[in-house]
Amino acid sequence: MIRILSTALLGMILAACAANPTAPSARSTDPQMVLNKTWQWEATVTPVEKITVANPERYTILLKADGKTQVRFDCNRGGGDYKISKGKLSFGPLMSTRMACPPDTLDAPFMRDLQRVASFFVEKGNLFLELPFDSGTMKFRSAP
């Protein structure tokens, strides 16, 4: 009888820990989790391609609390407006300087995909920006 009760109690404790929404690995759609932090682009995965970013520090976004974003597009800088609410994110037109970047630059797909973002979530400390109609996901890490 004691063994059964102990097993049941252990099961309830494990279930409670797994359901803890404040655990760092839990998925969050809270806008406060992404604001006023610099995020570095690591990859984009779509049904037809995977873009892996060799130098994430060259592609960053900073969503400021005032609805403005600062963006680094490889060797160019820019920004624009954005709108955010629980789980939803969209960027307005993004502007950028137009310096010539190295031949391996990913500035064009980075800008293109940012302007297509429809939603977001944070999981395990990473920011995921989802493109519409399940057409892809951009993954970001928090800048050091």
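The values are calculated or read from the model by the stated rules, or taken from the named source; none is laboratory data. Please read all numbers here as calculations on a predicted model, not as lab measurements. Cβ sites come from the backbone with ideal geometry, for glycine too, and all protein chains shown count toward neighbours. What goes into the accessible areas is simple: the full protein's heavy atoms, side chains included, and nothing from ligands, DNA or RNA. Shrake-Rupley method; radii C 1.70, N 1.55, O 1.52, S 1.80 Å.
Between residue 48 and residue 27, the contour length at 0.36 nm per residue exceeds the alpha carbon distance by 5.0 nm.
Normalised Debye scattering of the stretch 43-144 at q = 0.21, 0.23 Å⁻¹ gives log10 I(q)/I(0) of -1.21, -1.46, counting only Cα atoms as equal scatterers and leaving out solvent. Here the peptides 102-110, 34-42 are ranked by packing, the mean other Cβ count within 10 Å, and the order with the highest first is 34-42, 102-110. In the structure shown, the pairs 64/86; 50/86; 68/124 are assessed against 22 Å; a Cα-Cα span above that value is assigned to 50/86; 68/124. Stokes-Einstein, applied to the Kirkwood radius of the stretch 32-103 over Cα pairs at a viscosity of 1.567 mPa s and 4 °C, places its translational diffusion at 97 µm² s⁻¹.
The accessible area of residue 77, taken with all protein chains in place and a 1.4 Å probe, comes to roughly 120 Å².
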